[in-house]
1. Quickly work out the E79-to-D392 label distance, labels modelled 7 Å from Cα along the C-beta direction, and quote it in nm with one decimal.
2. List the lysines whose alpha-carbon lies under 21 Å from that of K287, not counting same-chain residues fewer than 8 positions away?
3. Which GluC sites (Glu not before Pro) in region 312-347 pass both tests, a DSSP loop state and at most 12 other beta-carbon atoms within 10 Å?
4. Provide the FRET efficiency to the nearest 0.05 for the F55-I6 pair, computing r from the beta carbons and using R0 = 56 Å.
5. Separation of region 177-250 and region 105-152 by C-alpha centroid, Å?
6. Gap in Å between the Cα centre of region 33-71 and the Cα centre of region 358-401?
7. Gain in length, R245 to S322, computed as 0.36 nm per residue apart minus the alpha-carbon separation, to one decimal in nm?
8. Could you pull out every one of the aspartates and glutamates with an alpha carbon less than 16 Å from that of K374, ignoring same-chain neighbours closer than 8 positions?
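Just so it is clear, none of the values below were taken in a lab; they were calculated from the coordinates. Small disclaimer: the values here were computed from a predicted structure and weren't measured. Because the Cβ atoms are built from the backbone with ideal geometry, glycine has one as well, and the counts that use them run over all protein chains shown.
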Amino acid sequence: MDQKIINQFPSLKREINNKAICYLDGPAGTQVPSSVIDAISDYYKKSNSNTHGFFASTRETDHMLQETREKIATFLGAEAYSCISLGQNMTSLNYSLSRALGRYFEKGDEIVITQLDHESNRGPWLALEAQGMVIKEVAITSDGTLDYEDFKNKITDKTRLVAMGMASNYTGAINDFHFARAISKKHGAFLLLDAVHYAPHFKIDVQKIDCDFLLCSAYKFYGPHVGILYTKKGLLEKLPTDRLRTVDQHPPYIIETGTLNHAAIAGVNAAIDFIASMGHGDHLNNKLDSALTSIGIHERSLAEKLYQFLNDAEKYQIVGPSFGDGERAPTISFYANDHTAAELCTLLGDENIYAWDGHFYAIKASEVLGYEAKGGVTRMGISAYTIEADIDKVTSFLNQL
Ligand SMILES: Cc1ncc(COP(=O)(O)O)c(C=O)c1O
């Protein structure tokens, strides 16, 4: 990654009190390049309309929505645009899905979730307990990864759904979703993946993974606040979703409620193009593949440098797995012996180093790992636009603290 990438982000040029800003809060939402900002404002300048009408701007809106769904399908490796439903954010779409599956499943059916997941992939399923469904939680180990022995024990022939994250936004662990697919398939259960923390860093291929549902959020991959739900071809139409009789009664529309945020969706379209612009190849798919490979290499090298520093410093303890040979998200959470996470993030914030404190909505993991009672941990995330100077600034500040 180079200066050409950084130059595309207006916010990265911002200075406060004559000091540059070091953005390490990508896991809570990445910064946005000019092309995305322009696509959003161009939509309002030219094409602002409702859908399915008989004049130019409504046709432009229809075309943009269709094209964006197709691009997202390529981004996720989906069968067709009809597998891609859009909404306000991941959490709202997951709640819509849980209401539909709650009507589809029966009393006594079991759903497996994990202690590591963001609450948005726990709350919608725990809500189904009130309807008589049994929710089982896969435990976590002390390094913030899933306990796969426990996973095996939690799945039975009554399991109808396994809902798990692909990557933890708290510990950076990459979960073994291939294992989850194999075991859930054996028991005839659906597999739902929360890809919100995975999608900005690694290429996804839903058909290879063979998941039934996958959710992600464009504001974590250089786009605006739009939620995305992938459903395997042929499945959404079987579910009793909440839908008005006036809505198009076909996938992907039958789980979407009300008017979508058209301008933001135009921004999602541009965000995928932005990622593709960092790669090479003849087709969007090859470009995305090569771009995400380069992003992954770049992010990992910087994350390893930060990890090494924290690992060597006695006053900080990393919460999460080490960088082994496999994948690990470039997101590092740590506990500081001498400061609460809120104190540390305040000190960092005064230096224009943007990091977050607490549980990051993965509150169950924070409780189980014992950090919730201690004020949580500090999290730093590496993005495509992070450079070595950012890491040097952070490590020298943390070193002298
Ligand atoms: C891993 C993970 N899952 C789900 C979510 C929820 O996404 P949204 O804000 O789009 O509802 C987040 C947001 O931080 C997240 O990090």
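1. The two pseudo-label positions are separated by 5.2 nm.
2. Partners within reach: K4, K71, K203, K208, K220.
3. Details: sites: E314, E327, E343; in loops: E314, E327.
Of the GluC sites (Glu not before Pro), the ones in loops of region 312-347 whose Cβ has at most 12 other Cβ atoms within 10 Å are E314.
4. Efficiency at R0 = 56 Å is approximately 0.85.
5. The distance from the Cα centre of region 177-250 to that of region 105-152 comes to 17 Å.
6. Region 358-401 and region 33-71 have Cα centres spaced 38 Å from each other.
7. Details: separation 77, 0.36 × 77 = 27.72 nm, distance 5.12 nm.
Between R245 and S322, full extension yields 22.6 nm more.
8. Result set, ordered by chain and number: D338, E343, D357.
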